[in-house]
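Here's the structure, in C-alpha cells; my notes come after.
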Amino acid sequence: MLKINSRIIALLVFLIYAVAISLSFVFKSYELAVSGMLIAIFLTAFIPGRGSTLLTGLVSMIVLTGLVIFFKDDQVDIRKALLSQIYSLLVILFSVVLIFYLKRLQQIVSYGKVHMTSLFENATEGIIVTNGTGKIVLANPSVEKMFGYDSNELTGYSIEVLLPKRFQHGHVHFRNSFLQSPSNRSMGKGRDLFAARKDETEFPVEISLSHYKQGNDIFVIAFIVDITARKVIENKSQEQREELEKISDDIRKLNTELEKKVDERTKILKEALAQLEHSQKELHKSLEKEKHLNEIKSRFVSMASHEFRTPLSTILSSATLVSKYPNTEEIEKREKHIRKIKDSVGYMNELLEDFLSLGKLEEGKVIINSSRFCLADFIEDIEDEMKIQLKKGQEIISTTQGEAFFETDKRMLKNIILNLLSNAIKFSPEGSPIDLLISCEADSLDISIQDRGLGIPEEDQPFLFSTFFRAKNVMNIQGTGLGLPIVKRYTDLLGGTISFKSREGFTSFSVILPKLESTA
C-alpha cells in the first residue's frame, strides 16, 4: 500500500465523518452516514497499525446505533429497521476485518522484502543477476568488492566483463546454451574456473547457477565464491601428500632393511651374544624413529611387516625344500611345495591389491566408469578366477535370474564379488558349498553370497566394516582386515547398500546396486 502521511489521512477521516453525519442530519438519510463511515474505515488502511481501524469501526457502530434512535419513525416497520441496523453493523464489521487482513498482507510483504534485501546485501557470497541477453541487472556488495568495482558500477555490463579475456568469446556460447535449457547446477566440476577483477588480475572461483522467469523474460542468478585461500590449502595438501608418499616409500625400504637385519641377527645369534646386543640397539633406535610417524602409517607398516613375513618365510622354506627332491618319483612332494609358493605369492598379491585399493579410496582417486555388460559372461569369468582359491570339495553354486545385461562399474563390481567370495572360501571348511545368487532387475542388481563357515560373533558385527578390524574367531587365519572396508567403500561409491546376516555355521552378505548410466 502507498506510504501517505498518517496525520493527513486521520484528518481526512475526521472530515469525512463530520460531513457524512452532517449530511445525514440535513437529509435525514441513514444511508449517507453508513457510506461515509465505510469510506473512513477504508481510508485507515493507509495508517500504520490496527488501532486507527479498530477505533473508527467502534465509533461507527456506536454512531450508527445513535442515528437509528434519532431517525426513529413510528410509521416504519420496526423489524425492517432492526434488520437494516444489523446489516449495516455487519458491513462495518466486515470492512474492519478486511482492513485488518490487508494490513497483515502489507506487513508480511514488507517483512519478506526486508529480509530478502538484507540477505542480498549482507550475503558473504557474491550474487549476480543477469537478464536473457547476459547483461548484469543486480550485483550485491560482496561481488562488487570481490571484483574491485564501485557500488552499482557493474549494472548494465555484460557478464563476460568478469571473465579473463581469453575466455570471454567462448563463454557467450555456453551462456546461450544455458538459456536454451536452464537448470540449477554447479559449474566447474572436474576443472578450475577463473574470474577477472577490474584490474584484470585473475583468481579461482566456484560458481553455482540458478534461474527464474518473470513474465516472458528469463533471469539467471550466479552465486560466486572466491576460493583463492582454498586453492592455496589444496596445493599445500597436495605437496604434503606427495611428501607423505615419499616417506611411505622410505618406510617400505626401511621395513625391508629391518627384515634383512632381523634375519641376519637371528642367524648370528648362536655365534656371539655381543653381536645380538648390538643388533638390538640398532633395532631399538629404528623403532624410536617410527614412533614419530602418524597412526595410519604405523599401523600400515605393522600390518605389512607381519603379513608379508609369513608368506615370505613359506616361499623361502618351500623353495629350499623343492631343490631337495630332484628325482622324478618325488614330483608329488615338489608340487606340494610349489603350491605353497603359489599360495603365498597369491596371498601377497592380495595384500598388495588391498593396500593399493585402500590408498586410492582414501585419496579419492577412484573414478567410476559405468558400462553395459552381460551378467552370465561376467559371473563365468569370476568363477574361473576363483577356482584356484577353492579348498578341497568346495564349489561355487551360482544362480542368475532376471535381466541378462546390467549397467554399472564392472571393475568395482568384480572387486566386490571377488572379496566376498574370497572371504566365504577362506572362512568355510572343506567340502562346503558357496552360494552366489544374482537377481537383476531393470534398475537394480541384487547380489547374495552365502557360506556355511565360522560365522561372525555377535559382539564383533558392529565393527565388521572398520579398517584393520578382524573378528576374534579368525585371528589364526591369514588376513588384513581390509577386504570388507574396501567392499563397503566401493558399494557406497556405486550408490548401493551392503548388509549381512550371520550365525555360527552360516553367513550371508547382500549387496544391492542401482543401475548407473553408461559413461562410455
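General observations
- Residue under evaluation Gln168, criteria (1) in contact (Cβ under 8 Å) with a residue 12 or more places away in the chain; (2) outside any strand (DSSP E or B), criterion not met: (1)
- Selection within the stretch 219-243 - touching a residue at least 12 places away in the same chain (Cβ under 8 Å), over 19 Å from Leu193 (Cα atoms) and in a helix (DSSP H, G or I): Arg241
- If you go through the stretch 219-232 and pick out every residue that is within 19 Å of Glu160 (Cα to Cα) and touching a Phe, Trp or Tyr at 6+ places or on another chain (Cβ under 8 Å), you end up with 4.
- Considering the stretch 191-218, the residues that are more than 15 Å from Ile159 (Cα to Cα) and not in a strand (DSSP E or B) include one that is farthest from the chain's Cα centre (by Cα), namely Asp199.
- Condition broken by Ala404, with the remaining ones in (1) within 19 Å of Glu517 (Cα to Cα); (2) surrounded by 16 or more Cβ atoms within 10 Å (Cβ to Cβ) satisfied: (2)
- Of all the numbered requirements in (1) in contact (Cβ under 8 Å) with a residue 24 or more places away in the chain; (2) surrounded by fewer than 11 Cβ atoms within 10 Å (Cβ to Cβ), Asn216 misses one, and that requirement is (1).
- On inspection, Ser151 does not qualify as polar (S, T, N, Q), buried (at least 17 other Cβ atoms within 10 Å of the Cβ) and farther than 22 Å from Ile218 by Cα.
- Matching option when the condition is loosely packed, with under 15 Cβ neighbours inside 10 Å and closer than 14 Å to Leu413 by Cβ, among Gly505, Gly495: Gly495
- Considered as a group, the residues in the stretch 171-189 that are touching a residue at least 40 places away in the same chain (Cβ under 8 Å) and either in contact with a His (Cβ under 9 Å, 6 or more places away or on another chain) or small (Gly, Ala, Ser) (or both) include one that is nearest to Thr133 (Cα to Cα), and that residue is Leu179.
A short reminder: the numbers here are calculations on the coordinates, not readings from a lab. Just so you know, these numbers come straight off a predicted model, no measurement behind them. Note that each Cβ is placed from the backbone with ideal geometry, even for glycine, and that neighbours are counted across all protein chains shown.
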